[in-house]
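The structure under discussion appears below in the form of C-alpha cells.
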Amino acid sequence: MKPLTNPQSAIRNPQSALAWLGLLPFALFAGAFLLGPAAIIVIGSFQDAAGGFTLANIGDLFQPRILDSYWLSVKVSAVTAVGGGLFGFLLAYAAVGGGLPRPVRTALLTFSGVASNFAGIPLAFAFIATLGRTGFVTALLTQVFGFHLYDTGFSLYTFWGLALTYLYFQFPLMVLIMTPALDGLKREWREAAENLGATSWHYWRYVALPILLPSLLGTMILLFGNAFGAYATAFALTGGTLNLVTIQIGAQIRGDVLHNPNLGYALAFGMVVIMALSIGGYTLLQRRSARWLQ
Amino acid sequence: MRGRRRGSRAWAWFWVALGALYFLLPLYGTLDFSLRLRRDVLSLDAYANVLGDEQFRNSFLYSTGLAVATILFSIVLLVPTAYWVHLRLPRWRPVLEFVTLLPFVVPPIVLVFGLIRLYSRPPFLLVTSPVLLVAAYVVLSFPYMYRAIDTGLRAMDVRSLTEAAQSLGARPPTILWRVILPNLRVSLISGAFLTFATVIGEFTMAALLNWPAFGPYLALIGGNRAYEPAALAILSFGLTWATLGLIGRIGRGAPGQTPPAGGH
C-alpha cells in the first residue's frame, strides 16, 4: 500500500466538508446487503425467543451434535489446508526453482487459475464420475489391478472423499499465491549465503524459510477459510449426509431443524468468528511477509 | 553443485507430474464417463441430452442475465466510489478495503441466512424479487471487483486526469464516463469475467432464495441422472477455462490471486 504523496493538495473545493457524501451510495448498499444481514445474525445469536438478551444460544453451541459439526468442518478444512498447502508449495517451488522449461510453469499457473475457480457442483460431478462407485478410476483399478477400492472402506461420500475433492481447488490456490512469493526470493541471498559457506540446508533453514514462513502459514490459513465456508461442493457430493457446519446452516435455513431460530443464528455467528480469525490471520501474516517479498 | 541441481530437477519433475496427474485424472475420468451413456460405444448422447434440455437453456440464460446485471450494477456502484476515495478521501481507503474484503469473512451461506431473515417480511419484502439475489451477488463480487478497480486507479494519475478534464470544462459524470472508465477498461473486464465465472454456477444463494438459476439446475440433474452431470462438469470446466483464459489474454494482471468468494 503506497501512501498518497500529495493528499488533498491540488483541488481545493469549498464543498470538501461534504466530500463524504460521495460514499453514501456505497455505504447504504453495503449496509443493506452486507453489514445489515451480518448484524442481524450476530444480534440474533444473543437473543432469546422473546427478543431479550441471553448467552444461552452461545452456550447451546456446545452440545455434542453441533460441536461434532464444527469439529468435522475444522478437520476437513485443516487437512486440506495443510495437505493442499504443502503440495501446492512443492509444486510452486518446482515451477520457480526446479529448472523446468518455461512452458511447464505457464501451464501449471494456467491450470491452477482454472482449477482454483472450478468448484461447487461441477467439481462434485467430476469426482463422482472419477472416484464414485462406478467412476472411471474405480473401474480402472478393478479392471487392471483387480483392486476393489470400495472394499477397502473408502467412499467418495465420506470424510476422505470430501477432502480429496476439496484438494482440487485448495492446492492450486496455494500455487497461485506462493509462486509470486517464491519469485521474490532474491538470487543474491542464496549467493551471499553460499559465499559464507552455507549448504542448501543452511540456506533454507536460516534464510529462505524464515522469509517465506509468514506467507506459507498465511496462505494455509486462507485455504482453511476457503474450505470452511464451502457449501455447494459438499452438498452436491454428499447430499447433506456429512454433518458440516455449512450443511447444518443450510438445513436450518430450509426449515428450522434445530427447533430454535436463535440457535441457528448462533451457529452462523460461530462460523463468522472462525472465518474472521482465519482471514485476519492471513492478512496479518501477508503484511509481515510483504516486508521482504515485494 | 551440478549433482544437486540435477537431483532437484528430478524432484521438480516428480512433483509437477504428480500435480498434473491430480489435475488431469478427474478431467479425463469425467470426459470418459460423459461419453458412455450408450452401452459399449462412445457417444455424445449425454451432451445432446443436456444441450437439448429446455431447462438447461432457460436456467443458463437466467444465470447469464443475473451475471450481466451483477456486473453492470457493481461497476455503477464501485467505480464512482473508488474514484471518489482516490480523489477526495484517501484516508478512507483502508475502510473500503476492509468492507470489500468482508464477503470472505461472511460466507455466502451465512450472508443468505441474514438476507432471508432481514428481507422476508414487510416493509422490506425483497425475497420475492430476484433483485435481492443480484444484490447478494454484487456483494460477492466486492473483493475482486473493488480490488481490480483500485489497482486500475492506482496505475493512472487520477488527480491529473481529473484536473485536465476539469480545466476543459468537463463535469464529474463526463469525467467518469469519458476519462476514468476508458482507462479502467482492462481492470473492469477482468473483474467482470471473474464475476461471471462465479455467478454463472453459483448454487448456495440461488438455491436458498429459490430462483431457477443454473446452479440449482445442476444440483437437480446431479440427483436424477448418471451421465449428464459428467457432461455438465466438462462443459462447466470449459466455460471456466475460457473465462479465465480471456482474463489472462486481456489483462496481464494476476486474476487468480484473489480467490472468488463463495464459488465453493
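Per-structure values
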quantity	calculated
Residues A:Phe53 and A:Ala107, FRET efficiency given R0 of 45 Å [Cβ-Cβ distance, rounded to 0.05]	0.20
Estimated distance in nm for a label pair at A:Ala276 and B:Gln166, the labels positioned 7 Å out from Cα along Cα-to-Cβ	3.9
The range A:65-105 and the range B:168-231: distance between their alpha carbon centers, rounded to Å	27
Ranked packing of A:117-123, B:65-71, most packed first, by mean Cβ within 10 Å	A:117-123, B:65-71
The protein assembly as shown, helix-only ellipticity at 222 nm - DSSP H runs n ≥ 4, -39,500 (n - 2.57), divided by all residues, nearest 500	-22500 deg cm²/dmol
Partner chain coverage, peptide A:139-147 - average Cβ within 10 angstrom	1
Computed FRET value (nearest 0.05) for A:Asn195 with B:Leu18, which takes r as the C-beta separation and R₀ as 30 Å	0.30
0 to 90° range, to nearest 10: angle between helix B:108-119 axis and chain B longest Cα axis	60
By average C-beta atoms within 10 angstrom, highest first, the peptides B:234-240, A:140-146	B:234-240, A:140-146
Whether the range A:63-289 is rounded, prolate or oblate, judged on the alpha carbon gyration tensor where a/c under 1.5 counts as rounded	oblate
The range B:160-174 - phi-based ³J(HN,Hα) in whole Hz, Karplus 6.51/-1.76/1.60, Gly and Pro as x	5, 4, 4, 5, 4, 5, 5, 5, 8, x, 7, 9, x, x, 5
Whole-angstrom Cα spans of chain B along principal axes, big to small	74, 71, 32
By average C-beta atoms within 10 angstrom, highest first, the peptides A:83-90, A:31-38, A:250-257	A:83-90, A:31-38, A:250-257
Per-residue average of Cβ from other chains inside 10 Å of A:168-181	3
In order through the range A:60-67: 3J(HN,Hα) via Karplus (6.51 cos²θ - 1.76 cosθ + 1.60), integer Hz, x for Gly, Pro	5, 5, 8, 7, x, 4, 6, 4
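Read-outs: derived from the displayed coordinates by stated rules, not from any lab. The shown structure was predicted, so the numbers you read here are calculated from the model rather than taken from an experiment. In this analysis, Cβ positions are derived from the backbone assuming ideal geometry, glycine residues included, and neighbour counts consider all displayed protein chains.
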